[in-house]
1. Answer yes if at least one residue in the range 216-234 is surrounded by 21 or more Cβ atoms within 10 Å (Cβ to Cβ) and among the aliphatic types (A, V, I, L, M), and no otherwise.
2. When only residues in the range 147-194 that are more than 20 Å from residue 215 (Cβ to Cβ) and free of Cβ contacts under 8 Å to residues at least 24 places away in the same chain count, which is nearest to the chain's Cα centre (by Cα)?
3. Could you please let me know if residue 185 is over 25 Å from residue 300 (Cα atoms), assigned to a loop (DSSP other than H, G, I, E, B) and at pLDDT below 95?
4. Can you confirm whether residue 104 is under 25 Å from residue 233 (Cα atoms) and either polar (S, T, N, Q) or without any contact (Cβ under 8 Å) to a residue 40 or more places away in the chain (or both)?
5. Across the range 253-273, which residue is modelled with the highest pLDDT among those that are farther than 10 Å from residue 68 by Cα, not in a loop (DSSP other than H, G, I, E, B) and not hydrophobic (A, V, I, L, M, F, W, C)?
6. Of all the residues that make up the range 358-369, how many are among the aliphatic types (A, V, I, L, M) and out of contact with any helix residue (DSSP H, G or I) (no Cβ under 8 Å at 6 or more places or on another chain)?
7. Could you list, in sequence order, all residues of the range 73-95 that are assigned to a helix (DSSP H, G or I), of a type outside the set (Gly, Ala, Ser) and under 23 Å from residue 306 (Cβ atoms)?
8. Could you list, in sequence order, the residues of the range 154-179 that are hydroxyl-bearing (Ser, Thr, Tyr) and out of contact with any helix residue (DSSP H, G or I) (no Cβ under 7 Å at 6 or more places or on another chain)?
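The values are calculated or read from the model by the stated rules, or taken from the named source; none is laboratory data. Keep in mind that what you see is a predicted model, and the values were worked out from it rather than measured. As a convention, Cβ positions derive from the backbone with ideal geometry for all residues, glycine included, and neighbour counts pool all protein chains shown.
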Amino acid sequence: MSLPRQDRGPARRSQSASVRAEKPIAGERRSSSLGRDLRLDLFRGLANWAIFLDHIPNNAVAWATTRNYGFSDAADVFVFISGYTAAFIYARRMAAQGYLAGMALLIRRVWQLYVAHVLLFVFYAAAIGYVAQSYGHSHLLDEFNVAGLIQQPVATLTHGLLLKFKPLNLDVLPLYIVLMAGFAPLLMLMMRAPDAALTAATAVYLLARHFGWNFPAYPAGGWYFNPFTWQLPFTMGAWAALGGAARAQALARSRIVLIASVAFVVFAFVVTVGARLGLSTSLSPVFDVLSEKTNLAPYRILHFLALAVIVVRVVPRDWNGLRSRLARPIIVCGQRSLEVFCIGIFLSFVGHFILEMYSDRLLTQIGVSVGGLLLMTAVALYRTWSRTLDVRSPKAPVTRGNQPKKGE
């Protein structure tokens, strides 16, 4: 990519940092000539909806989510797309402004994620404690893993700020924070040698599973989402964003690969449904779909990749349905993912409280689920609208009546 003649002088100073970065970005720019890929927003929005529904215990509506019909679930989709969008955004910033500026922007994003987690942590724990004490449901403190805040408040809160202590259902955001915090060196390597970066991530994944690497949790054990293993789908998403998806197009569109993907998805459906229904099967010890989430079992990755092959064939990038009114709420929730995720986690506890305290009838379960999805969509629409106010803020004309007085 050549710069205009009048711009070559100033750009020559940062050429060593930006020219190498522009080469892999060029292929990505050609593949994104149609604009924003709304499929990413659609499926990240669906992932946020599924996470909300799955976090409400004894919720019949949650049977509509993918976790009941295959090895992978919404968490795999969320992490993969997060890696894709992170690489898509920050690789461009590094190419345009240099590696140092890109790292600074990544650090700023990590801080935003951390602040969001702390706020969610406080409101979530306070709501659980209030309900448990006010309504005499002390079992909620143990069920949602917040009893330590009452028994040992200083130590528990300190470890919570260090991301070691996490109440129930607050595991995804700390994983995202850690992955983004370590993303800068990985992204710099991937912009130069994407295949080498993906190979290194695969090696870390295999070593972590073999040696049992994990981050320590408080008061005992390890993280529910092991960052050493869950970095692989995040890296795979980044690799796909920086030209990997374009290079894998021929493989993904192969008839043999499609047939194999469909066969594996059907196989995963049979095994998972059998396990969910408690049916005895000789495959259960090998494909323990209910407990092999922490270390991200290989068959979860294969299942996610098989689904991705099918989705690419069924939902093309220019599909008209992506711009329909029905898809709009889901896409907006995907575009405002952080806010929607946080409000969804909080609403999942509210839904659990309503079902336990008042009624657990099917009609109530449907009402709680639909109401939560509507609130999540409303938050996403509000955040989208509010961001446009900064762009469209007009400057008020200065007239004699509203001129500032001397000294103001």
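1. Yes: one or more hits.
2. 189
3. Judged against the criteria, residue 185 is not a match.
4. Judged against the criteria, residue 104 is a match.
5. 261
6. 1
7. Residues satisfying the conditions are 76, 77, 78, 79, 80, 81, 84, 85.
8. The one that is hydroxyl-bearing (Ser, Thr, Tyr) and out of contact with any helix residue (DSSP H, G or I) (no Cβ under 7 Å at 6 or more places or on another chain): 158.
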